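The values are calculated or read from the model by the stated rules, or taken from the named source; none is laboratory data. This one's a predicted model, so the numbers in the text were calculated from it and none came from an experiment. Note that each Cβ is placed from the backbone with ideal geometry, even for glycine, and that neighbours are counted across all protein chains shown. Accessible surface areas use protein heavy atoms only, side chains included; no ligands, DNA or RNA. Shrake-Rupley method; radii C 1.70, N 1.55, O 1.52, S 1.80 Å.
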Amino acid sequence: MAKTKGSSKKQQKRGIDFKKIKRKIGRKLPPPKNTTNTEIKSKAIVLPEQSVASEKAGLAVSKKGLTLKELLQHTSHHNAKVRKDALMGMKDLFLNHPEELKLHRYAVIEKLRERISDDGKIVRENLYQLLKSVILPGCKEDNQGPVISLMMAYIFNAMTHLAIDIRLMAFKFFDLAVEYHPPSFFSYAEKILQNYEDILRKNQFYLEDKVKLKNALAGLVRCLLLLPSSKEVNLPAKNIPEKKILQAFEPDVPTVFAEYSVIIKKLKDLVPVLVNCFQDFLPVLHDSLDAQSFDCMLNILRSIDLAVAFFIHGIQQGHPESPPLDQSFSSVLLKKLLVVFPLSPMHHLSEKDDDRYVIFNIVITEIFMHLSEWICPPAVLFEKFLTFVEYVLLEKSCSNVRSNKAVREKQISTLIPFIPKLVSRVIGNWKNRLLQAFTKTFQDCSPESSVKLACLAAIEEMIISHEDLLCTDVNDSGLFDYKITWIRELPMLLILLGDRHSSSSKVVLHLLLRLGQRSLLYDDMQGLLKEFYSTDQDKGNICYGPFLRLARDSQELSICCLYYFSQLDSTLLKSIASCCVCHELDPFMLFRIIEVLHSTYKAGHIQISDFISFLITLASRFKVFPENIFPATERDMKTSNRATFKSLISVVCSCLSQMGDNSLVFAILEKVILEQLSLKPPLDNSCAMLRMLIALDSKPTRLSEQSICSLSNVLSAYLIDVAHCVPEDDDESMSSIHGQTRRYYLLPSFILFDRSHKLLNLVLNVMGSLINGRSFSLLSGDRICYAKGISSIINAIVSVLLWMQREAKVQQILYLYKEEIDHISRSICSLQSLEEINVPIEERHIIKRAIDRLKTLTSSLYQ
C-alpha cells in the first residue's frame, strides 16, 4: 500500500508538455495567445475656429454647397462625371446669383474655355448649354468682344483636333460666338473659312455623322448671312433686314470692305468643296431622304447661294477690293449644280417629301438667278427655270392642303422677288405667262401671308422702280391691264387686313402713297376706301373701319394718299368726317386730316361745296364731353375734350378764310349753317357754327333778310342757354374764369349784333314774346334746351341784357332799342301779377330780383 502511494506522488509532480484541450463541435476557436492586437482607438478633436461652414459664410454656393472657386477647380478633375457636375453646379449658381457672373466673367471664361476640347462628349454638351443659356446671355449688356476673344484660340485649336467629334463640336461653339458677337466672324474670316474647307474635304466621315455636320453647316450659313448680298440691292429699302452686319455695326464697315479680297478668295476655294459635298449626298435621294440629310443638303445649297450673292454684290457695288468673278468659275458651278436640275424623286413620295425636293430646286433657282446676272445662260437652260417658276406659282398656290401651308408660302415667297427681273428679261409669250401666274398668286394668297407681302414688294418694283418694265411691248395692251388689276386689289386688301395685321396694312398704304405720287390712283377706288374709314348703318349707326385702330404712322400714310386722287368723292369725305368726330381719334391726327384735305382743296381735287360740308360736319357733330361747361369732378376735367374742340374750330375758321372769295363761300355756308342751327345742337356746337359765320361775315352783314329772321329765333334761345349754363359769380370782370368763358360763348352773337342792328331788334322782340304768358310754353319748349321754367328764363334774359350793357359796342346799339327793353320789363312785371299762372313763392322771389336788376339797366340807358 505504501509503495502504491509514493509512486502516485511522483507522477503528479512530473510536468505536462502538451495539454490536450477538448473542443465542442460548432464552437469558434479562440485566437492564438501570441497574436498582436492591431485595433486603433481614437477620439474626435473639436476645433471650432477651423470649421468649413464658417469659411463659406456669406459666399454664393451651389445646391451642393460649392463655391465658384471650387466649381472652377472641379472642371479640371480627371473624372468626366465630376467635370460635368461642376458645370451643372455653375449653371445653378449663376442663375441664383447673377452678380457672380458679372464680377468673375473673365475668370470663368478663362477656365471654361479649356473644356472646349474636352474628351468627354457630355462635358462638351453641358459646356455649350452653359454658355448658350447662362453665360453669354448674362454678359449681353456688356461688350462681348473681350469675352469672345478669350474663347477663339481654344475654338480654333479644337477645329484641328484629331477627334472628329471635337472638331465638329468646335464649329458649333463658333456658331454660338457669332450669334452673340457677329463681328467676330470678320475678325477671323480667313481662319474659319479655311477650317470649313478642311472639314468638308473629309468626306469619309461626315456622311456618317450627319447631325454634327448639320450643326456645322448651320454655323456656316449664319456667318455668310452677315455678308452684304446682292439680295439687299434688289429689295426695297424697307424690306432690307435690319440685322445685317453693315447696318448693325457701322464702325466695322471699313474693316469689312478691307477684307473683301480675302473673304472672296477663301469663298472661291470653299464653294467647289460645297458643290462636291452636295454631290456626295445625291445617292441618298435615290434611297430615302431623311430629315438630317435634307438639312445638310439644304444648308450646303444655302451656303452656295449666299456666297454667290456676295460675289455679285462686290461686282455690282464696284468695290476695288473685290476681285472680278471669272466666267469659268461661274460656268463650272452652273454645270455641276444644274446637271441634276430639277431634282425629283425616283418613286412616288408623300407631299412632305415632295416639298423638300421643291425647296432644293428653289434654292438652285436662286443660285441660277444670281449667276445669270454675270453670265448669259443658254436659252434652253433658261426656259427650264422659267417652267419651274411657273409651276411653283400656279401649282403650289392652288394646293388645298392646310398642313403644309407655311412650307408652301415660304416656297412661293422665295421666288416672288425674282419675278421683276425675269419679266424684264423675257419677251413674247413667256412674259405674259409669268405675269399671269404672278397675278393669280397675288389674288389667291391670304391677305396676311408672307406671299402677299412679297407680291406687294414685286409690284412696287415693277410699277415704280422700273416704270417701263410693263411697257416694253408697245403693241401688247394686256401687259398694262395687269398693272391696273394689281392696283385695284389694294383697297380691298386694306379692308381684309383690318387692324389685326398692322405691319401688312402699313406696307399696302406705303405702296398706295407711292402710286399716288406717280398719278396711278384711280378715282373708282374710293368706293372701297370708304369702308376703310367708316360706313353708315341702319338707324343712323356708324360702323368704323380699321383706320381708327391703326398706328399713327399708318393713319398718316392713308391720309396722305387722299391728296393724289384727281377728285375726292363726297361720300369718301363723309366717311372721313365720321372718323374725325369720333372720340377715339387722336387729336393730332384730326388736325392732320384737316391740313391734308385743305391742301387737297387748294390743289383743286375737292369741290368747294363738299369741303364746306365736311367742315360744317366737324363743327356740328363733334361731341364735346362733359356737356357741363364747368365739370363737377376732377376726373371730368381731365377727360374733357372742350379745349380740343375750341382749337378745331379755330382751324376750321382759318380754312374757311383761305378758301377764296369770302362772299361766295359765305353764300354757300349761310344756308347750311342755319339749317344745322335750327336742329337745336348742343351749346358748344352752336357756338362753333356761329363763329364760322362771323369768320366770313362783314360789316354790314352779308346775311339775307330771311336769314336774319331765322337767326333771331335761334340766337334768343342760344343766349338764354348761355346764361343758364354759365353761372354768375361775385367777380363779374372778364378776367375771371366765368367771365372769360361767358365772353367766349357770347362774343359771336355780339359781333353779329354789331354788324346787323336789325338782328338785335328781332332778338329783343323774341325775348319779350317769350315772357308772354300765353306763348311762353310753346316757344320755350321749341327752342330753349337748358333753361326750363318761368323764373329761369326770365332770370337768363335779364342776365343777357346786363351782359350786353357791359359790352361797349352792343351798349351803344341798346340805346336805339329802349322801347323793346321797356316792353320786356313791363312783360315781366305783368307776368308776376297774373294770377292764372301758378308760380311758386321761390320763383316769384327770383322774378322780383330780376325786375330789380332790370331797373338798373333801364335807368342807365335813359341816363
Quiz item: From the list 344, 331, which one is at pLDDT 70 or above, within 20 Å of residue 277 (Cα to Cα), open to solvent by 20 Å² or more (accessible area, probe 1.4 Å) and over 35 Å from the mean Cα position of the chain (by Cα)?
Solution: 344
Quiz prompt | Filter pass, residue 652 being among the aliphatic types (A, V, I, L, M), in contact with a helix residue (DSSP H, G or I) (Cβ under 6 Å, 6 or more places away or on another chain) and open to solvent by 20 Å² or more (accessible area, probe 1.4 Å) | solution = no
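Yes or no, residue by residue, for (1) without any contact (Cβ under 8 Å) to a residue 60 or more places away in the chain; (2) open to solvent by less than 10 Å² (accessible area, probe 1.4 Å); (3) assigned to a helix (DSSP H, G or I):
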{"residue": "797", "(1), (2), (3)": "no, yes, yes"}
{"residue": "801", "(1), (2), (3)": "yes, yes, yes"}
{"residue": "810", "(1), (2), (3)": "no, yes, yes"}
{"residue": "814", "(1), (2), (3)": "yes, yes, yes"}
{"residue": "824", "(1), (2), (3)": "no, yes, yes"}
{"residue": "827", "(1), (2), (3)": "yes, no, yes"}
Quiz item: What number of residues within region 581-595 are part of a helix (DSSP H, G or I), surrounded by 15 or more Cβ atoms within 10 Å (Cβ to Cβ) and either among the small types (Gly, Ala, Ser) or without any contact (Cβ under 8 Å) to a residue 40 or more places away in the chain (or both)?
Solution: 3
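Yes/no matrix, rows are residues, columns are (1) farther than 27 Å from residue 608 by Cβ; (2) open to solvent by less than 10 Å² (accessible area, probe 1.4 Å); (3) of a type outside the set (Ser, Thr, Tyr):
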{"site": "700", "(1), (2), (3)": "no, no, yes"}
{"site": "703", "(1), (2), (3)": "no, no, yes"}
{"site": "706", "(1), (2), (3)": "no, no, yes"}
{"site": "710", "(1), (2), (3)": "no, no, no"}
{"site": "719", "(1), (2), (3)": "yes, yes, yes"}
{"site": "748", "(1), (2), (3)": "no, yes, yes"}
Quiz item: What are the pairs, 6+ residues apart or on separate chains, where a residue within region 105-128 that is on the phi < 0 side of the Ramachandran plot has its Cβ under 9 Å from a residue that is crowded, with 20+ Cβ neighbours inside 10 Å and among the acidic types (Asp, Glu)?
Solution: 124/118; 127/118
Practice problem: Look at region 279-313 and say how many of its residues are of a type in the set (Ser, Thr, Tyr), within 16 Å of residue 352 (Cβ to Cβ) and open to solvent by less than 20 Å² (accessible area, probe 1.4 Å). | Solution: 1
Quiz item: Pick from 440, 421, 410, 452: which is of a type in the set (Lys, Arg), closer than 25 Å to residue 384 by Cα, at pLDDT 90 or above and outside the structural domain of residue 534 (by the TED database)?
Solution: 440
Quiz item: What about residue 601, is it buried (at least 18 other Cβ atoms within 10 Å of the Cβ) and not in a helix (DSSP H, G or I)?
Solution: no
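Can you spot a residue in region 631-641 that is among the hydrophobic types (A, V, I, L, M, F, W, C), surrounded by fewer than 21 Cβ atoms within 10 Å (Cβ to Cβ), under 38 Å from the mean Cα position of the chain (by Cα) and at pLDDT below 95? Reasoning before the result, please.
The initial filter retains those residues of region 631-641 that are among the hydrophobic types (A, V, I, L, M, F, W, C), namely 632, 637.
Going one step further and asking which of them are surrounded by fewer than 21 Cβ atoms within 10 Å (Cβ to Cβ), we end up with 632, 637.
Right, trim to under 38 Å from the mean Cα position of the chain (by Cα) and you get 637.
Of the ones still in play, those that are also at pLDDT below 95 are 637.
Scanning region 631-641 turns up at least one residue that is among the hydrophobic types (A, V, I, L, M, F, W, C), surrounded by fewer than 21 Cβ atoms within 10 Å (Cβ to Cβ), under 38 Å from the mean Cα position of the chain (by Cα) and at pLDDT below 95.
Could you list, in sequence order, the residues of region 556-580 that are within 17 Å of residue 498 (Cβ to Cβ) and open to solvent by less than 10 Å² (accessible area, probe 1.4 Å)? Walk me through it before giving the result.
Quick first cut of region 556-580, residues within 17 Å of residue 498 (Cβ to Cβ) only: 557-558, 575, 579.
Within region 556-580, 558, 575, 579 meet the criteria.
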Quiz item: Only one of these conditions is not met by residue 466: (1) more than 16 Å from residue 386 (Cβ to Cβ); (2) surrounded by 14 or more Cβ atoms within 10 Å (Cβ to Cβ); (3) at pLDDT 90 or above; (4) outside the structural domain of residue 505 (by the TED database). Which number is it?
Solution: (3)
Exercise. Look at residue 125 and say whether it is within 21 Å of residue 171 (Cα to Cα), assigned by the TED database to the domain that holds residue 76, in a helix (DSSP H, G or I) and among the acidic types (Asp, Glu).
Key: yes
Self-check item: Members of region 751-795 found to be at pLDDT 90 or above, in a helix (DSSP H, G or I) and open to solvent by less than 20 Å² (accessible area, probe 1.4 Å), listed by number
Solution: 752, 753, 759, 760, 763, 764
Practice problem: Could you check, for region 683-696, whether at least one of its residues is surrounded by 21 or more Cβ atoms within 10 Å (Cβ to Cβ) and within 20 Å of residue 765 (Cα to Cα)? | Solution: no
Practice problem: Could you look through region 122-159, keep only residues that are surrounded by 14 or more Cβ atoms within 10 Å (Cβ to Cβ) and of a type in the set (D, E, K, R), and pick out the one that is nearest to residue 70 (Cα to Cα)? | Solution: 124
Quiz item: Name the helices (runs of 4 or more DSSP H) wholly within region 607-699 that hold at least 2 residues that are of a type outside the set (Gly, Ala, Ser) and more than 19 Å from residue 718 (Cβ to Cβ)?
Solution: 608-621, 634-639, 642-657, 662-677
Quiz item: Quick check: is even one residue across region 170-181 in a helix (DSSP H, G or I), open to solvent by 20 Å² or more (accessible area, probe 1.4 Å), basic (Lys, Arg) and modelled with pLDDT under 85?
Solution: no
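If we keep just the residues of region 63-111 that are among the polar types (S, T, N, Q) and in a helix (DSSP H, G or I), which is modelled with the lowest pLDDT?
Filtering region 63-111 for residues among the polar types (S, T, N, Q) gives 67, 73, 75-76, 79, 96.
Then drop every residue that is not in a helix (DSSP H, G or I), which leaves 73, 96.
Working: 73: 91, 96: 88.
Step by step, filter region 63-111, then rank; the result is 96.
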